[in-house]
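Everything below concerns the one structure shown next.
The values are calculated or read from the model by the stated rules, or taken from the named source; none is laboratory data. Keep in mind the model is a prediction, meaning the values are calculated, not measured. All Cβ positions, glycine included, derive from the backbone under ideal geometry; neighbour counts span all protein chains shown. Only protein heavy atoms, including side chains, enter the accessible area calculation; ligands, DNA and RNA are left aside. Shrake-Rupley method; radii C 1.70, N 1.55, O 1.52, S 1.80 Å.
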Amino acid sequence: MEQMMDAIVKPVAGAGLELRRVPVPEPGPGEVLIRVHKTAICGTDVHIFNWDPWAQVHIKPPMTIGHEYVGEIAAIGPGVKGLSLGQRVSGEGHITCHHCRNCHTGNIQWCKDTVSVGVDRDGAFAQYVCIPQSNVILIDESISEEVVAFFDAVGNATHTALMFDLVGEDVLITGAGPIGIIAAGICKYAGARRVIITDVNDYRLDLARKMGVDAAVNTAREDLKGVMKGQGLLEGFDVGLEMSGNGMALQQMIGSMRNGGKISLLGIGNKPVTMDMNTIIGKGLTLQGIYGRKMDNWHQMSYMVQGGLDLTPVITHRFHYTQFEQGFAAMNSGKSGKVILDWTE
Ligand code: NAD
Ligand code: ZN
């Protein structure tokens, strides 16, 4: 008899999500079934919940959503070696083709045929999720499951923050969403001198302060140049992490960099952005696009947390999965960091 489970499903094209009974997936050759313990809500899930223009193009209902999770191995498909039942795991959400040029050379973050868990195929907001062995990430028992629940997002932050050297550098982060706040913690941990974060949302700037930033600036009413002077920046920021997707924020970042500064671009906006090419060229800036995570980021983030990086300040809400609508309401309110859903009984 087919086993059934609870899952948070986008049932039809339109706003909202539904808790449904769906079949437990069966691990095929090379696949692993994971019993989900905790999940976290990502901005992508909010796009899907709200059924915005991005979701209308990318999501094909009915499907189970979600891609930030931690759990344990519940079943192993034929041919899987080196894993055993009960091991604590999370999963890399981008399932890659294994044979394009980038996959061949270990740069899976640039795979040209990537398939995303919870976007292009059934996701992890369910009692069980099934993924290929190559995407299974073993997680040490010493790390809190609540933090591992959002390691996918920590991976985005790690990838962006560690793209350029940080030791003794002054860093500007535009956008104090969960990923910007996590990145701020990573930059301080990795040895940056000053970490200054901007947003237009005071609740989120307060969360960033709890993560230990040197200054959290509401650019809707405060002057960033004045804050830079107060923090002892002489020529501008050495490193910029764009994490808002907002064109005004990027413009301000470009204007605030020192000559030769380096910018990592993670934020994805909903409209094209205009850039001041003359300033980019005149200052000799480097701009690097960041997509997803590198597999090595999974090791780095585990080791940073074991080394003392405390990511718990970014957690603001906890709900049982049956209360998922309250979780999405918190995300949509703008007054949230990470929202955790518990899937254990
Ligand atoms: P988020 O939407 O929660 O946070 C973005 C923040 O930017 C918000 O707090 C918002 O108030 C702030 N903001 C808006 N206008 C601003 C301005 N002018 N100046 C400064 N801040 C401003 O997003 P998140 O979940 O933290 O993710 C960060 C960004 O990264 C998003 O754009 C997301 O779409 C993107 N993202 C990209 C990838 C990738 O692979 N490239 C992966 C995950 C997320
Ligand atoms: Zn590939």
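For the list (1) small (Gly, Ala, Ser); (2) crowded, with 24+ Cβ neighbours inside 10 Å; (3) in a loop (DSSP other than H, G, I, E, B), I need the number of the one condition that Gly212 fails.
(2)
Every residue, every condition in (1) assigned to a strand (DSSP E or B); (2) open to solvent by less than 50 Å² (accessible area, probe 1.4 Å); (3) touching a residue at least 24 places away in the same chain (Cβ under 8 Å); (4) within 14 Å of ligand 1 (Cβ to nearest atom), yes or no:
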residue	(1), (2), (3), (4)
Val70	yes, yes, yes, no
Cys97	no, yes, no, no
Asn102	no, yes, no, no
Asp113	no, no, no, no
Ser116	yes, yes, yes, yes
Val119	no, yes, yes, yes
Cys130	yes, yes, yes, no
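Which pairs have Cβ atoms under 8 Å, sit 6 or more apart or on different chains, and link a residue in region 137-164 that is more than 19 Å from Val89 (Cα to Cα) and near ligand 1 (Cβ under 10 Å from one of its atoms) to one that is assigned to a loop (DSSP other than H, G, I, E, B) and of a type in the set (Gly, Ala, Ser)?
Correct list of pairs: His159/Gly292.
Kindly evaluate Gln252 against the criterion of being surrounded by fewer than 13 Cβ atoms within 10 Å (Cβ to Cβ), under 17 Å from Gly175 (Cβ atoms) and either outside the structural domain of Lys188 (by TED's automatic domain parsing) or in contact (Cβ under 8 Å) with a residue 40 or more places away in the chain (or both).
no
Would you confirm, using the coordinates I've provided, whether Thr44 is within 16 Å of ligand 1 (Cβ to nearest atom), at pLDDT 95 or above and open to solvent by 20 Å² or more (accessible area, probe 1.4 Å)?
When the stated conditions are applied, Thr44 passes them.
Give the residues of region 183-209 that are part of a helix (DSSP H, G or I) and open to solvent by 50 Å² or more (accessible area, probe 1.4 Å), sorted by residue number.
Lys188, Tyr189, Asp202, Tyr203, Asp206, Arg209
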